[in-house]
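Structure, as structure tokens:
Any read-out appearing in this document is the output of simple, stated calculations on the displayed coordinates, not a laboratory observation. For clarity, every value in this text was computed on a predicted model and none was experimentally measured. In this analysis, Cβ positions are derived from the backbone assuming ideal geometry, glycine residues included, and neighbour counts consider all displayed protein chains.
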Amino acid sequence: MLFGIIFNVQSKPGMKQTTRFLYPLLILAGVFMLISSQSKSETTVWMIGDSTMAAKQANRSPESGWGEGLKEFVRPGVVVKNRAASGRSTLSYINEGRWKAVIDSIKPGDYLIIQFGHNDQKENPKIHADAFGSFQDHIRMFIESARSKGATPVVCTSIVRRHFDGKGTLKDTHGDYIQAARAIASATHTPCVDMEASTRKLVAGLGPEASKKLFTFTDTKQDSTHVSHYGATEFARLFVEEVKQKHIPMKVF
């Protein structure tokens, strides 16, 4: 229709001067219409969580987040918007306005991946949320708000920390927060991807030494919480595998 208008304007006599100005304006309008149409039709995977999921500045390389790794697995036409943020809990993510920015942008057909717990368990009152109290209340709110916008929420448990005891066994460092995430997912009939269980199996299988490659280990840094670029890809792979195994309705991989 747009190009028909252009050609009709050009075909009328005595309008060469007008056409000279109309033509570029109409082309520009067409470009904006095309971009707007594509933006509305594309499927978006929104990710909210903490630093274990979040993107990192280049100066923190090789540190990454598994949300960045997920971008390698989605099919063409799917956009991953990783809005996880370092140091955030469910409480601070809401209080800082980060959640509002996400929910205001979610549209029908999108997906919302939720993973918190690492920071909710800390005692700092600005970020602490009780596992079977406000932590679950916040996740329930994320779930219900996403559904109200026509999006599909998915709850994840926190990825395992690479904390081995003296016998080479991985410690439990998340306490009640893993079970709390599973429970609120079950109570709200929301798909749950148990990242703690799958990453625990992978890290434990590799053992204390070989598992370092999944995390941020360099000559100057030994970090058993935050994943490397390699670890981000491998942990994201575990997410995708479980989505498929459980037949979770995410039509993006």
Query raised in the report: Given the C-alpha centroids of the stretch 131-167 and the stretch 58-102, what is the distance between them in whole angstrom?
Result: 14
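What FRET efficiency do you get for T218 and Q245 if R0 is 30 Å and r is their Cβ-Cβ distance, rounded to the nearest 0.05? If you can, show how the numbers build up before the last one.
Working: r = 34 Å, r/R0 = 1.13.
My answer for the efficiency is 0.35.
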Report summary line: Counting only backbone N atoms under 19 Å from a point 7 Å out along Cα-to-Cβ of S61, the residues of the stretch 210-235 in range are 213-223, 226-234
Report summary line: Residue separation between A204 and R147 times 0.36 nm, minus their alpha-carbon distance, gives in nm 16.9 nm
Query raised in the report: Do the alpha carbons of any pairs in K100/K149; K201/K221; K167/K201; K107/K251 sit beyond 22 Å of each other, and which pairs?
Result: K201/K221
Query raised in the report: Which of the peptides 168-180, 42-54 is most tightly packed, and how do the rest follow, judged by the mean count of other Cβ atoms within 10 Å per residue?
Result: 42-54, 168-180
Report summary line: Under the 7 Å Cα-to-Cβ spin-label approximation, T43 and D165 lie apart by a distance in nanometres of 4.3
